[in-house]
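Worksheet: one structure, shown below.
The values are calculated or read from the model by the stated rules, or taken from the named source; none is laboratory data. Small disclaimer: the values here were computed from a predicted structure and weren't measured. Don't worry about glycine lacking a Cβ; one is built from the backbone with ideal geometry, like all the others, and counts go over all protein chains shown.
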Ligand code: 5AD
Ligand code: SF4
């Protein structure tokens, strides 16, 4: 972070926007959309809060004490706001995201520093909200409006897309109707809504046009996406992947996060038939005990999940899996927890996220009368993570000596180094000329580290690359 004094003048009269993003990829995507929505108002993105005229905290509600953490951050911002006021350069502060949605009006009374509150469904109204906030009103916008926010959110310009790099997100659906008993998402993000297929294809073409090579389709429950193709025939995520794969210039497709109940035949076919669909899937299971899965309202058994994994591996033998796990869900016994370990051993994960269950106000499981002791949760989490870490290390070790396509999406730490992502989303570092940034190139993996791989360009230099891989510079 740069250390500009808060009262120092900005580089120009252009108002600066700083968005601090918490949580999932969906929020990363939303922060970019907020930035795009405010660009026509003249706001330019800033990488530091010190230089900003408008700060937005894009919050996440999924973790424990999420709201408390946001209030602490707001406490820290108070001093900056006061200094700014004295210096005659007022600072506007907004709170967005799922904590904003959950807290609403409450935020205004608990945090006087806040100028406006906006929930995830109302980002298209940001320009007006900022204006009202600057006029001294303290607007709160947490309704689920009937109009489609995406219709009203401007698309990023080609230049901005270029700057964001060759791997882009594209939100295809939002919200969730699954109501897992531990989860706040159906309350903060609302009911499942899918974006129209034609619009998504247009946006994907625009991304590719601006140099994007990899598109990750996003949704809280992404494989619940549904729509209609140009002929009016019902479509699903598998069919959408087939349509996206037709676009010239799309090299890689991913989607996240999926629910096991919404895996469908066309999705397996997409994994089987489309090389562009990366052989990697985040498919959370949360627990391995049928009793707990039922109490979580996951709507499937452990064996049904195992069968899905088998079907995926039949379709795409080199597919690797990632998952989410919760330990210490109310009523979880030692035996239930052993079933989770067994499921992990049976499936074998390349990567995973695991959490201690935490009570989220307003969710059914929070009021369950048999909560698991904190030390039991901690002990179970440590055992689960040891197993998952072993699996991840073993998976990464199998990469050494292999050649794989890597999308070089950023500069490396040293001069002459670039970094990228393998098909399995592993970070890969290698020596490569800057000119290759933004391209998919074959890389031989030389070593596996705790959280990354290192490798060498297969062809040694750009001259040896096939003509199609010698790039114009797509990334600024
Ligand atoms: N407690 C612990 N983990 C949770 N998650 C969601 N809600 C909770 C909760 N109340 C985890 C789930 C989900 C991931 C995004 O966060 O594993 O898949
Ligand atoms: Fe939450 Fe995912 Fe369950 Fe929906 S499917 S309620 S987002 S955990």
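Worth pointing out:
- Boolean, residue 313 is closer than 30 Å to residue 445 by Cβ and either without any contact (Cβ under 8 Å) to a residue 40 or more places away in the chain or outside any helix (DSSP H, G or I) (or both): yes
- Any hit, region 146-166, residues being under 20 Å from the mean Cα position of the chain (by Cα) and either within 16 Å of ligand 2 (Cβ to nearest atom) or free of Cβ contacts under 8 Å to residues at least 12 places away in the same chain (or both): no
- Evaluation of residue 226 against (1) surrounded by fewer than 19 Cβ atoms within 10 Å (Cβ to Cβ); (2) away from ligand 1 (no atom under 16 Å from the Cβ); (3) farther than 23 Å from residue 190 by Cβ; (4) under 25 Å from the mean Cα position of the chain (by Cα) (one fails), failing number: (3)
- For region 281-303, the condition of being more than 15 Å from ligand 2 (Cβ to nearest atom), modelled with pLDDT of 95 or more, more than 15 Å from residue 261 (Cβ to Cβ) and crowded, with 21+ Cβ neighbours inside 10 Å holds for at least one residue.
- Residues that are assigned to a strand (DSSP E or B) and at negative phi within region 273-310 comprise 277, 280, 281, 282, listed in sequence order.
- Condition met for residue 403 (away from ligand 2 (no atom under 16 Å from the Cβ), surrounded by fewer than 18 Cβ atoms within 10 Å (Cβ to Cβ) and without any contact (Cβ under 8 Å) to a residue 24 or more places away in the chain): no
- Residue 175 satisfies every condition listed in (1) within 16 Å of ligand 1 (Cβ to nearest atom); (2) surrounded by fewer than 17 Cβ atoms within 10 Å (Cβ to Cβ); (3) within 27 Å of residue 250 (Cα to Cα) except (2).
- Matching entry among 235, 258 (being at pLDDT 95 or above and either more than 16 Å from ligand 1 (Cβ to nearest atom) or farther than 30 Å from residue 368 by Cα (or both)): 235
- Taken together, the criteria exclude residue 316 from residues that are over 22 Å from residue 179 (Cα atoms), modelled with pLDDT of 95 or more, out of contact with any helix residue (DSSP H, G or I) (no Cβ under 6 Å at 6 or more places or on another chain) and more than 8 Å from ligand 1 (Cβ to nearest atom).
- Residues that are within 19 Å of residue 102 (Cα to Cα) and assigned to a strand (DSSP E or B), drawn from region 162-177: 174
- Region 196-212 - residue that is within 18 Å of residue 153 (Cα to Cα) and touching a strand residue (DSSP E or B) at 6+ places or on another chain (Cβ under 7 Å) and, of those, surrounded by the fewest Cβ atoms within 10 Å (Cβ to Cβ): 196
- Applying the condition of being within 16 Å of ligand 1 (Cβ to nearest atom), crowded, with 16+ Cβ neighbours inside 10 Å and touching a residue at least 40 places away in the same chain (Cβ under 8 Å) to region 48-65 and asking which residue is farthest from residue 17 (Cα to Cα) yields 62.
- Applying a threshold of 7 Å to beta carbon distances and a minimum spacing of six or more residues, or different chains, the list of pairs starting in region 177-196 at a residue that is in contact (Cβ under 8 Å) with a residue 12 or more places away in the chain and at positive phi and ending at one that is in a loop (DSSP other than H, G, I, E, B) and away from ligand 1 (no atom under 12 Å from the Cβ) reads 179/297; 190/144; 190/175.
- Filtering region 265-280 to residues that are more than 30 Å from residue 209 (Cβ to Cβ) and either touching a helix residue (DSSP H, G or I) at 6+ places or on another chain (Cβ under 6 Å) or buried (at least 20 other Cβ atoms within 10 Å of the Cβ) (or both) leaves only 268.
- Considering each residue of region 178-199 in turn, none proves to be within 28 Å of residue 226 (Cα to Cα), assigned to a helix (DSSP H, G or I), touching a helix residue (DSSP H, G or I) at 6+ places or on another chain (Cβ under 6 Å) and more than 16 Å from ligand 1 (Cβ to nearest atom).
- Residue within region 374-383 that is within 16 Å of ligand 1 (Cβ to nearest atom), buried (at least 19 other Cβ atoms within 10 Å of the Cβ) and more than 25 Å from the chain's Cα centre (by Cα) present: yes
- With respect to (1) more than 16 Å from ligand 1 (Cβ to nearest atom); (2) out of contact with any strand residue (DSSP E or B) (no Cβ under 6 Å at 6 or more places or on another chain), the lone exception for residue 215 is condition (2).
- Residue check, residue 137 free of Cβ contacts under 8 Å to residues at least 60 places away in the same chain, part of a loop (DSSP other than H, G, I, E, B) and either farther than 29 Å from residue 300 by Cβ or away from ligand 1 (no atom under 16 Å from the Cβ) (or both): yes
- Count of region 78-92 residues, restricted to those that are surrounded by 13 or more Cβ atoms within 10 Å (Cβ to Cβ) and touching a residue at least 60 places away in the same chain (Cβ under 8 Å), is 5.
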